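Everything on this sheet refers to the single structure shown next.
The values are calculated or read from the model by the stated rules, or taken from the named source; none is laboratory data. Everything quoted here is computed from the prediction, not taken from an experiment. Here the Cβ is made from the backbone with ideal geometry for all residues, glycine too, and neighbour counts use every protein chain on show. Areas reflect the complete protein model, heavy atoms only, side chains present, ligands, DNA and RNA absent. Shrake-Rupley method; radii C 1.70, N 1.55, O 1.52, S 1.80 Å.
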Amino acid sequence: MVQRVFDNISSWWVSLSSGKRANYKGEALFSRLVYLWILINGLFLLPIMDSVIGVDGYTYRTPFSPTLRDNLVYMLNYSPERYVIIYWCMMAASFMALINVGGMLARLLSWVSLLIIASSTNLLFNAGIHVAFNWAFLLMFLFPMRETDWKVLLSRLAFLGLKVQFLIIYFFSGVFKLKAEDWWSGDAVRLLSFLPQYTPDWAASILQSMNWLAITVNYTIMFYLVVFPLLIWVKRIKTPLMIMGLGFHLYTALVMGLHDFGAIMLIGYVLFLSEEQTEWLLSKIAKLPIVKVLSFKIKT
Amino acid sequence: MINTRLKLRKHILKFISILGLIALAGHFALVSVAVAPYGWSQPDIYYVADRYVKPQFGQYWQLFAPMPQENSRLYYRYYSDGVWHDQISLDKEMKSLGSRLAQRVALRCAHYLAAETRKSTVVNSDETKSYRVVKASRSYYSAAFVCWKNAQKNYSVQPDSIELILERDLFPKAGYTQVKTIIDYYGPESVR
């Protein structure tokens, strides 16, 4: 078995360094979905940008350390009047990245401006934006249109990095739950039902009246998060595991109201689709008008 | 000649792949150290990882762990023209902006202030000391600033004083109890 694992890793590395493409349609689809997420969330932000982040906004600004990096990332704390430029830079760059125009420069601008907006206040954004800007950084090295071997190689490395980042989220989220007493005692999901901002009345009444359901969901979530990084690589278990995760994240997005976080975690599942599964997914959504924006042709 | 070039290209690609894998491994090793529960790594290593990760790769994955043990809401009153005005719900005010994102501002203010209150109550048994610690925290200034700005924008006043009222529904094992915490704030100078 050890020999088999070693052979698999060795053949994977040979394939990686040979400049051969892997699931390039999956890579391109994931890339476009992330930029689409940034654009849609940017549009939700537009009506309240001025009142929350603007010069006369609700954000209480404090100075940060005088390093160049902090001055750039937290620039809206020092110069809030620049939020307009940064916001439209983010929207324009993300749109260009979505339609594959502007290359690495567009993706770099998208990442930097998203990071600056996300760092402008801790009152508006949840974990979804952290996922987004960490992925946006790695997406800079993903070349949807590739003519040279080294670009294919960088793209495959970036794609690997995106997967590892996704697995880190799941693993450490599971670890923190394993360390929390309310999760271990099976009480966490029941406590969640008392928070009206995350649980509508109908869900609260179900979870509070059916204690066995709350406990089952509690332990399922805990162990799912921890074992996902290992089991996702097992082909037989991968699809049912992803379907289960699909259910959790749809609940997060639609019932708990964390649309942005639920959506971006669902997008993350595209990272683990096989070539056949990606083709199937693309064929299902091919009729949607927005897919014309997502459609692509990779040069051979 | 062509064969030599192809061989050289292969070696270059292998070299880049090894370099790339090392860079990825290093990056995610530091991210893992920074994100892991405190105490999993040596403080020195954690400090280096934390400085590398923040702010451009900043992330935290304590998602509902631990689960909030209370539901909190923030209200405020402002003092203007010699009169204390009626209690205002910050949540309702932010909802009136018509955006769910704006409502998050109210939820976050209440949540962070409640966390600060809970933390200082555990550490300081003396209520006066606990109150002073909360009033010195960033969560307090952030919440007070939002309330003050809200009064300015929605009621066209320059409040002389603001009083924050934090309503906390605590969740013991059976049912819940409600606790009200009143945090006074005198003068808007500190938050301008």
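Residue-wise test of (1) within 23 Å of the chain's Cα centre (by Cα); (2) modelled with pLDDT under 90.
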| position | (1), (2) |
| --- | --- |
| A:Asp182 | no, yes |
| A:Leu191 | no, yes |
| A:Val227 | yes, no |
| A:Lys235 | yes, yes |
| A:Ile243 | yes, no |
| A:Gly247 | yes, no |
| A:Thr252 | yes, no |
Handout entry: Odd one out for B:Asp44, checked against (1) of a type outside the set (Lys, Arg); (2) assigned to a loop (DSSP other than H, G, I, E, B); (3) exposed (fewer than 14 other Cβ atoms within 10 Å of the Cβ); (4) at pLDDT 85 or above
Key = (2)
Practice task
Hey, can you tell me all the residues within the range B:64-120 that are over 30 Å from A:Leu225 (Cβ atoms), facing another protein chain (nearest Cβ under 7 Å) and of a type in the set (S, T, N, Q)?
Solution key: B:Ser99
Exercise for the section: Determine if the range A:39-49 includes at least one residue that is more than 14 Å from chain B (Cβ to nearest Cβ), out of contact with any Ser or Thr (no Cβ under 9 Å at 6 or more places or on another chain) and either under 30 Å from B:Leu6 (Cα atoms) or outside any loop (DSSP other than H, G, I, E, B) (or both). Expected result: no
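Residue-by-condition table, conditions (1) over 22 Å from A:Gly262 (Cβ atoms); (2) among the acidic types (Asp, Glu); (3) buried (at least 22 other Cβ atoms within 10 Å of the Cβ):
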| position | (1), (2), (3) |
| --- | --- |
| A:Trp37 | no, no, yes |
| A:Asp70 | yes, yes, no |
| A:Tyr78 | yes, no, no |
| A:Ser113 | yes, no, yes |
| A:Ala127 | no, no, no |
Practice task
Select from the range B:145-158 the residues that are more than 8 Å from chain A (Cβ to nearest Cβ) and of a type in the set (A, V, I, L, M, F, W, C) and write down the one among them that is nearest to B:Lys119 (Cα to Cα).
Solution key: B:Cys147
Exercise for the section: Would you check if A:Val101 is among the β-branched types (Val, Ile, Thr), open to solvent by 10 Å² or more (accessible area, probe 1.4 Å) and modelled with pLDDT of 95 or more? Expected result: no
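Considering only residues of the range A:276-291 that are modelled with pLDDT of 85 or more and either within 17 Å of A:Leu36 (Cα to Cα) or within 20 Å of the chain's Cα centre (by Cα) (or both), which is least open to solvent (accessible area, probe 1.4 Å)? Give the derivation first.
If we filter the range A:276-291 for residues that are modelled with pLDDT of 85 or more, which is where we start, we get A:276-281.
Then drop every residue that is not either within 17 Å of A:Leu36 (Cα to Cα) or within 20 Å of the chain's Cα centre (by Cα) (or both), which leaves A:277-278, A:281.
Numbers: A:Gln277: 52, A:Thr278: 1, A:Leu281: 48 Å².
Per the criteria, the residue is A:Thr278.
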Practice task
Test A:Arg236 against the stated conditions and say whether it is within 13 Å of chain B (Cβ to nearest Cβ) and of a type in the set (Lys, Arg).
Solution key: no
Completion exercise
Turns out the helices (runs of 4 or more DSSP H) fully within the range A:118-226 with at least 1 residues that are facing chain B (nearest Cβ under 8 Å) are A:127-139, A:149-179, A:181-184, A:188-192
